[in-house]
Amino acid sequence: MIVGAFTVIFDRDRQVLLCHRRDFDVWNLPGGGVEDNEAPWDAAVRETREEVGVDIEVVRLTGLYWKPKSSDLVFNFEGRIIGGVPATSDEADQVGYFPTNALPPNTAPLQVERIRDALQANVVFRAQTGPGISELPGSTVRE
């Protein structure tokens with residue numbers, strides 16, 4: 001089982017920060033795999049720094065997702081920037097804020113669901129059975 005951690009970051013206008021992957025034409029939330037002996041919230045902080053160059057504090061858990069096809073577990077957090085300005089990296093060739101009702105058409109489908117869930121006040125627990133990035137046409141990516 002792989003455990004992942006992703007961060008939803010909203011600006012003052014409630015637009016969401018997304019990064020465009022260098023290895024595949026898709027936009028997604030900053031995040032990735034949780035390392036051995038690492039807490040999911042610490043992984044969200046680390047992955048956000050690695051992918052978009054900002055330091056964050058985790059505000060709250062917004063969702064916990066089970067991916068039955070791969071037996072993966074994904075933690076989704078809301079984060080607040082406490083240092084730095086979003087920038088490109090070795091993993092992201094573009095970063096930007098987008099209105100939640102006008103996301104780029106090539107935003108990863110499961111991430112769209114997680115963004116919508118983060119807009120709610122409560123924590124969402126759900127199974128996600130849709131295609132992951134590795135299942136999208138043309139992908140050579142392992143999530």
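No value in this document is a laboratory result; all are computed from the given coordinates. Given the structure is predicted, the values throughout are model-derived calculations rather than measurements. Positions of Cβ are generated from backbone atoms using ideal geometry, with glycine treated the same way; all protein chains shown enter the neighbour counts.
Some points to look at:
- Computed over region 3-135, Cα set: Rg, Dmax in Å: 13.4, 37
- Farthest toward positive dipole pole in region 3-135 [+1 Lys/Arg, -1 Asp/Glu at C-beta], among Gln120, Val45, Val58: Gln120
- The order of Trp41, Trp27, Trp66, going from fewest to most other C-beta atoms within 10 Å of their C-beta, is Trp66, Trp41, Trp27.
- Taking Phe6, Phe98 and counting other C-beta atoms within 10 Å, the order from fewest to most: Phe98, Phe6
- Of the residues Arg21, Arg46, Arg14, the one with the fewest other Cβ atoms within 10 Å heads the list, and the complete ranking is Arg14, Arg46, Arg21.
- Antiparallel bridge percentage (DSSP; both residues within the chain; nearest 5): 65
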